[in-house]
Amino acid sequence: MDISRQKAEQETLQRKSIGFWIYLMTDCVLFATLFAVFAVLRPGTAGGPSGADIFDLPFVLVETMVLLVSSFTVGLGLLAARYGYKRQAIAWLVVTFLLGITFLVMEISEFRHLIAEGDGWQRSAFLSSYFTLVATHGLHIAVGLLWMLVVIIRLIRFNFKHTDLGRLSLLSLFWHFLDVIWIFIFSIVYLMGSLS
Amino acid sequence: MRNSKKRVSWRVAQVVISSLVGLAIVGAFVWATQGRDMPVLNPKGIIADQQQVLILITVGLGVFVVVPVFILLFAIAFRYRVGNTKAKYDPELEGSKVLEAVWWGIPLIIILILAIITAISTHALDPYKKIESSTAPVKVQVVALQWKWLFIYPDQDIATVNYLTIPDNTPIELSITADAPMNSFWVPALAGQVYAMTGMSTKLSFMADAPGEYRGASANISGEGSADMSFMVRSVSKTDFSHWLYKSSYSPNMLSWDTYEKLAQPSRGDGEKTYVVTGKDLYNQIVMKYMDSGSSSQPHTNTQTDHTMNGMDMSGMGM
Amino acid sequence: MQTLFGRLTPQDFVHDPIMAGAGIAMVGALILAIAAVTFFKKWKWLWQNWITSLDPKKIGIMYIIVSIIMLLRGFGDALLLRAQQVVNDANGVEILSSDHFQQIFSAHGSIMIFFVAMGLVFGVFNLILPQQLGSRDVAFPFLNSVSFWLFFAGMIIINMPLVVGEFSNAGWLAYPPLSGLQYNPGTGVDYWIWSLQIAGIGSLLSGINFFVTILKMRAPGMGLMKMPIFAWSALGSTALIMFAFPILTVTLALLSLDRLIDTNFFTTTLGGSAMLYINLIWAWGHPEVYILVLPAFGIFSEVVATFSGKKLFGYTSMVLAIIAITILSFTVWLHHFFTMGAGADVNTFFGIMTMIIAIPTGVKVFNWIFTMYRGRVRFTTPMLWFMGFIVTFTIGGLTGVMMSVPAADFQFHNSLFLVAHFHNMIVGGVLFGVFAAFTYWFPKFTGFMLNERLGKMAFWSWLVGFILAFGPLYILGFMGAIRRMDHYDPSLGWQGLFIVAGVGILFMGLGVLFQLAQVAYSIWKRKEHAVGPDPWNARTLEWATATPPAEYVFATIPTVTTRDAFWQMKKDHKTNDRPEHYEDIWLPKNRSEGFIVGMAALVFGAAVVWHIWWLLIVSLLIVIVVLVVALTRDDTEKRIPAEEIAREELRRATV
């Protein structure tokens, strides 16, 4: 491939990276809005439970650890990919994927428990905003997992091209971003909620 | 020769046509506004009086910018039109620090003045502020319904639908709520508007300068019959007001919680009605209806009312 | 049946005569269009040249065509509203029932903002921005296609109520509790939500796309302070899109959750807060109006400079003003509901912030006027639109400042005074701006001018019409007339003003007819109106291309040294320079995935509205699968060989 073509491809990758960072910024605004809604509606418990009544902090702590570790493993996967170690990259990505699934399963079980107790999203504005904020994060995780699956499959079937490496680094960026959002959720929703 | 004559006559035609069009437009406006009432500019209540002054001041300040803009626009466009070879042509002219300072600076000063006026007037004309007067105020509780207005006089146990009789030169203290989608209580001749919302009690005060009839409306749509929600405010002398209260206390219509619930059903074209209020603390019940989880129709006869008066007040709510 | 068709029943297809007529006309027009394309055997051409094209010039034209069609729909809505208010149910003649009237003004506002103004803005961005920056394309061409087809899907959804179901009666912003399940259980509000939600995602993606384009794809040498001022206004506008549209996405989603699964965000009980919705929707809504008007400002900056034969006055000041307006537009949203009772301190803050925005806006007005100072001003149609803009927009600004004083606003809010004010801004500002853009840039893409005489007649009809249509509304506001009323007490004597307003809208309609005639006539007489690539003696790079521009726009990307790069090229006599050799150019290949995603989104929207859950899941799966396929493609570009470019350039040079 000639020089100008290479340069053009590099510029394209750089642009995609910037575009993705900017997309993450808009996603930040999205989550900020959901946090604002949560903050406003938190007192609206309508005679139903508040955060202190329903949050199981030890459980959530395990969830958080799972997600944090998965951030670490996706980083390892990216490093391995950058250095050309295909098998390690796939392995670490699979571990990340499994950790992500674990997180989601735990979250869904938490939701199911609440719904079974009659504390679903219909009960009050507080519960509506809790479920929506946490589920929106969960939805993003699910999208990330789908993306991860696609990357893993492509890694297995084709050797990396720089486009795949580019996609993987954007995915790991996304994953870290979701981790950061989770920290906020953990602190603002669960921790602060349990204290009041 | 013939071409320039054609040009001149075309120019003349242009001027004539534009003048005629301009005159026609002005004429149309005059025809359509003659003799009609403009309560915002011609108010009849102490609050609306002050709002009118505020409006005129704002226009006056704004004119300081708008008039120069128009003059400059037409003067410069005309003088530097491409046909005018006498005007200087300076294609590289890219700015002027002096002029920039002028048109960043002067509007800044005007806005500064307006900002001070805003800060003062917003606090002075806060709808939650009570009107100072030696006359004792009359309290009225307003409930926006689909698609009529309910007015309750809590101290006199009278209620009306779609009309409000008030004594002139007396402060009227309104508490406003809704048992319907969001509405906006507006009597332009007397004061500006305030939203009427379920589960909340907003406040407004006004005082009529003189006896008269003033139209009110709901300035926020709440469904099909929104435009039906006009009502009359009748300002009468204090003696006439007592007479009206006395007469109304003989009204055959009773407003209990049950009759209220029937009234609150969606309906159009209700006209004016007068009630004697038999239900206890109706207004607070209506507000509280939206505060309880789940249950909505049962009145609460316990002492939740005190809680309501303090908690449902909208003043200072930082949203 | 219920599972198969959700809550859709045959009854939902039955409408009153006016709606039925409109629905039949719309479907009829669609069938006619399909028949015509089939008859002329143009499906392949349509597919290859337009539907799957990633060329921003094509996408831009599609945006503009859709927006113009929607302008006609929105204008028709306005005619009906005006007719109702003129006749006012006199002698029992009811043109529109109250409910129908309310659906029409809701549709009118929603369509005009989302599918006319936004569409026209994105159309102009697509057509002009890359070329002005010396670029061949936008940053993310595939995303560009997706954005357009999502816009298209939203447009279809908002027109569906003409045929099946009903539209929202809750205004263009659908405040709860009215828009909640309790008061509006039908399909109306759902149509509104999903039309906007789907189009809104397209807008957000476009915002990111153009923002990155401006930042990363300028020609070498074009520093930020050398780029055309239109690009600056686009930068401000796209920055606003990126920060504001996620708020809309969330707000619409929360309202839809309230309606679909019984959450309590905006309900009247169980802790919900309608006031929260109002804050959120306006936190998006106010930036939205600046998203629309900033590009108009940019267009006028280019127009004034070109037709004065002079540099724009005070470029740096103009840039600062754009930045100030962009930032300030996030600090004023509460002025849309001073009357909701937030208290004097809060109202004062937002009132003052609102008046502050008037300062940079005023600065721009003065800079435009002084661009004409010591220039040679040609009063072509675009320049007339500029003059009309200054007149109408300044009045609108004045009335805006009047309403920024909270205590005064208590007397203006939700009255016809307010309606007149925002039409002054949107019609006088945004619409006039797009009209100017249309007449200005038309010859670049077609090779012939639009007939000037018809253009001028269109302008004067519009201006007179506008004054007649909205002047009376200010007066009616002073008379205490509220907005959105389908009838009023005849004894008030308001009918005269509504008649004047009715005459006004007829003049505006005449203006529209003149514009349509202008296009038709100019196409018919295009040989007589033929021009070269720089008919106006313009200043910026988009005029440095051939007319119409080649698919690759620039055979070689120019290097820029000053502002008004093309003007400089002309001064240096470099416009006819041919490079020594050409290089291969890589352009995006055609892609069908954007169209498929758009169509699947359309089906998704319809499925949600009608509660057809299986269809919802299927369409969602299609969107996901197609996106995964599209985003993992690697061979997305086609090569245009250097020899072909050399031939093409030679051909254009000798034409």
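The values are calculated or read from the model by the stated rules, or taken from the named source; none is laboratory data. None of the values given here were measured: they were computed from a predicted structure. Here the Cβ is made from the backbone with ideal geometry for all residues, glycine too, and neighbour counts use every protein chain on show. Only protein heavy atoms, including side chains, enter the accessible area calculation; ligands, DNA and RNA are left aside. Shrake-Rupley method; radii C 1.70, N 1.55, O 1.52, S 1.80 Å.
Quick notes
- Total accessible surface hidden between A and C, rounded to 100 Å², 1.4 Å probe: 2900 Å²
- Only Cα pairs under 8 Å and 6+ residues apart enter the sum, and on that basis the relative contact order of chain B stands at 17 percent.
- Percent antiparallel among DSSP beta bridges (both partners in the protein assembly as shown, rounded to 5): 70 percent
- Two-site FRET efficiency, residue C:491 against residue B:129, from Cβ-Cβ distance with R₀ of 41 Å, rounded to 0.05: 0.75
- R0 of 25 Å, Cβ-Cβ distance residue B:31-residue B:63: FRET efficiency to nearest 0.05: 0.45
- Solvent exposure of residue A:3, expressed as accessible area, is near 130 Å², computed with a probe of 1.4 Å over the protein chains only.
- Which of C:259, B:11, C:82 is most accessible, then next, and so on - probe 1.4 Å: B:11, C:82, C:259
- Rolling a 1.4 Å probe over the protein heavy atoms gives segment C:85-126 an accessible area of 24 Å² per residue.
- Positive dipole terminus of the protein assembly as shown, leading residue within A:40, A:75, C:464 (C-beta point charges): C:464
- Accessible surface of segment C:589-655, 1.4 Å probe, proportion on carbon and sulfur as whole %: 69 percent
- Net length gained if the chain between residue C:224 and residue C:72 were fully extended (0.36 nm per residue, minus Cα distance): 50.9 nm
- In a reduced charge model with +1 at each Lys and Arg Cβ and -1 at each Asp and Glu Cβ, chain A shows a dipole moment near 940 debye about its Cα centre.
- Residue order by solvent-accessible surface for C:118, A:65 is A:65, C:118, largest first, with ligands and nucleic acids left out and a 1.4 Å probe.
- Spatial separation of Cα centroids for segment C:555-599 and segment C:264-292, in angstrom: 43 Å
- Residues of segment C:512-534 with an amide N closer than 15 Å to a point placed 7 Å from the Cα of residue C:40 along the Cα-to-Cβ direction: C:520, C:523-524.
- Förster-model FRET efficiency, 41 Å R0, residue B:98 and residue C:379, C-beta, rounded to 0.05: 0.90
- Note on segment B:84-220: dipole from Cβ charges, positive end direction compared against B:199, B:127, B:219; the farthest Cα belongs to B:219.
- GNM on chain B, alpha-carbon springs under 10 angstrom: the most fluctuating residue among B:156, B:51, B:14 is B:14.
- Chain C packed on chain B takes about 8900 Å² of accessible surface away from a 1.4 Å probe, both sides summed.
- Most mobile listed residue (B:227, B:189, B:87) in chain B, GNM with C-alpha springs under 10 Å: B:87
- Electrostatic dipole magnitude of the protein assembly as shown [Cβ: Lys, Arg +1; Asp, Glu -1; Cα centre; debye, to 20]: 5080 debye
- By accessible area, using a 1.4 Å probe on protein heavy atoms only, segment B:37-124 has 77% of its surface on carbon and sulfur.
- Between residue B:82 and residue B:70, the modelled labels are 2.9 nm apart [label points 7 Å from Cα along Cα→Cβ].
- Within chain C, longest stretch clear of exposed GluC sites (Glu not before Pro) (DSSP loop, no more than 16 other Cβ within 10 Å): C:95-527
- With 40 Å² as the minimum drop in accessible area between chain alone and full protein complex (1.4 Å probe), the qualifying residues in segment C:264-283 are C:264, C:265, C:268, C:269, C:270, C:271, C:275, C:276.
- Taking 0.36 nm per residue of sequence separation and removing the Cα-Cα distance, the residue C:260/residue C:11 pair yields an extension gain of 87.5 nm.
- For chain B, the longest principal axis of the C-alpha atoms and the axis of helix B:46-79 are separated by about 20°.
- When the protein assembly as shown is described by a simple charge dipole with +1 on each Lys and Arg Cβ and -1 on each Asp and Glu Cβ, the residue from C:138, B:38, B:244 located farthest towards its positive end is C:138.
- Chain C - percent relative contact order, Cα under 8 Å, separation 6 or more: 18 percent
- A 1.4 Å probe run over segment C:183-321, with the rest of the protein chains in place, finds 17 Å² accessible per residue.
- When A:107, B:272 are compared by accessible area at a 1.4 angstrom probe, the order from most to least is B:272, A:107.
- Highest-MSF residue in chain B out of B:35, B:83, B:216 [GNM, Cα springs under 10 Å]: B:83
- Helix C:188-216 axis, angle to chain C major axis (alpha carbon atoms, nearest 10°): 30 degrees
- Trypsin sites (Lys or Arg not before Pro) lying in DSSP loop within segment C:601-649, provided at most 16 other Cβ fall within 10 Å: C:633
- Buried on complex formation within segment A:37-52 (loss of at least 40 square angstrom of accessible surface versus the isolated chain, 1.4 Å probe, ligands and nucleic acids ignored): A:37, A:40, A:41, A:46.
- Relative to the dominant Cα principal axis of chain C, helix C:229-261 is inclined by about 30°.
- Extension reserve of the residue A:101-residue A:153 stretch, reckoned as 0.36 nm per residue once the Cα distance is removed: 17.0 nm
- To the nearest 10, the accessible area of residue C:425 is 40 Å² with a 1.4 Å probe.
- Cα shape, the protein assembly as shown, gyration tensor, a/c 1.5 rule: oblate
- Remark: relative contact order (segment A:3-195) = 33 percent; criterion is Cα-Cα distance under 8 angstrom and separation of 6 or more residues.
- Pairs beyond 21 Å (Cα-Cα), from C:456/C:525; A:16/C:589; B:139/B:247; B:97/C:311; B:129/B:238; C:57/C:570: B:129/B:238; C:57/C:570
- Summarising the strand pairing of chain B, around 65 percent of its internal DSSP beta bridges are antiparallel.
- Given +1 at the Cβ of Lys and Arg, -1 at the Cβ of Asp and Glu and no other charges, the dipole of chain C around its Cα centre is 2100 debye to the nearest 20.
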